[in-house]
Amino acid sequence: MTAPDFQLDPRLVRRRAGRAAERYAGVDTLAREVSRRMGERLDYIRIAPRRILDLGCGPGADLATFAQRYPGISRVAIDSAPAMLAQARGDTGLLKRLMRFGKPAEPDFICADASALPLARGSVSLAWSNLMLQFLHDPLPALKEIHRVLEVGGMLMFSTLGPDTLKELRAALPPSDAEHLHRFIDMHDLGDALVGAGFADPVMDMDMLTVTYTHLDDLFQDLRASGSANAALSRPRGLVGKGHWQQLRSNYERLRRDGRLPATVEVVYGHAWKTAPKVAEDGRAIVRFQPKPT
């Protein structure tokens, strides 16, 4: 699915997410807006989940929304960064637990990789993933795992970043053999990956959002604070020269309008269903007999 010369360092992605955990809530404006838009899409889908998976839950901002939307429904929150899970879990001291007595059950918090979920097959009704897949250079293994843990009739709903994200910064970068920005997967390729993972009836769409900054350094600060700085294996390993930065800034300044610098974010949304399998794991066709109408 991805270019063979582009790979992300998963350990670096995890470390940067961990360092960003405590301050992430102050820079998650984009994630909150995308979550709101995902919720609007969910309003039009008829589903009554028995168990919800929030994959890549971060500090857990979406968990309260699920509790309101689906009262009393079991929730599982999974993230690969322990520090993010600590933020999502909050204070688990004795007094806090006593104060929660009689209230809806807390989610199950699990530290795990998206491509190796410690959940039983068919144990989840709704899998939700808000802006996590872009941290995987190949999301297909994770999509296959999500398909495995979903029950028949269950649904995956996700958001991720598309290839036009940060297109201004990409165009302003001076020529280089190193990878200065992540590459993001096209919406149509993601749709193909959903089918390849076993999902049915994928629905894809996208939004183009523009965030503006007074200074280019503010954009870089947001990327660092959200744990989204460059984690490509082919990233520059040493300090970038002064001339590189001066040319980058000069190129980007040409885009300034009304005192602000634009940064495009292409948000890709998708949802798909797990239907009953037509072929068994050993390759034999599954034949289902329907009772004869009386």
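Only the coordinates and a few stated rules stand behind these numbers; no lab work does. Just so we're clear, the structure is a prediction, and the values are computed from it rather than from any experiment. Neighbour counts run over all protein chains shown; Cβ positions are idealised from the backbone, glycine included.
Using a cutoff of 8 angstrom between alpha carbon atoms and counting only pairs six or more residues apart, the relative contact order for the chain works out to 23 percent. Ranking PHE6, PRO49, THR29 by how far each Cα lies toward the positive end of the dipole of the stretch 1-67 (charges on Cβ) leaves PRO49 at the top. From least to most packed, judged by other beta carbons within 10 angstrom and beginning with the fewest, GLU33, GLU168 follow the order GLU33, GLU168.
Simple spin-label estimate for ALA25 and ILE110 gives 2.6 nm between the two label positions (7 Å along the Cα-to-Cβ direction from each Cα).
Counting charges near ILE78 (Lys, Arg +1; Asp, Glu -1) among other residues having Cβ under 10 Å from its Cβ returns a value of -4. Here the simple spin-label model places points 7 Å from the Cα toward Cβ, and for ARG249 and ALA171 these points are separated by 2.2 nm.
For the chain, the square roots of the Cα gyration tensor eigenvalues, ordered a ≥ b ≥ c, give a/c of at least 1.5 with a/b greater than b/c, which places it in the prolate category. Put a dot 7 Å past the Cα of ALA200, heading toward its Cβ, do the same for ALA48, and the two dots end up 2.0 nm apart.
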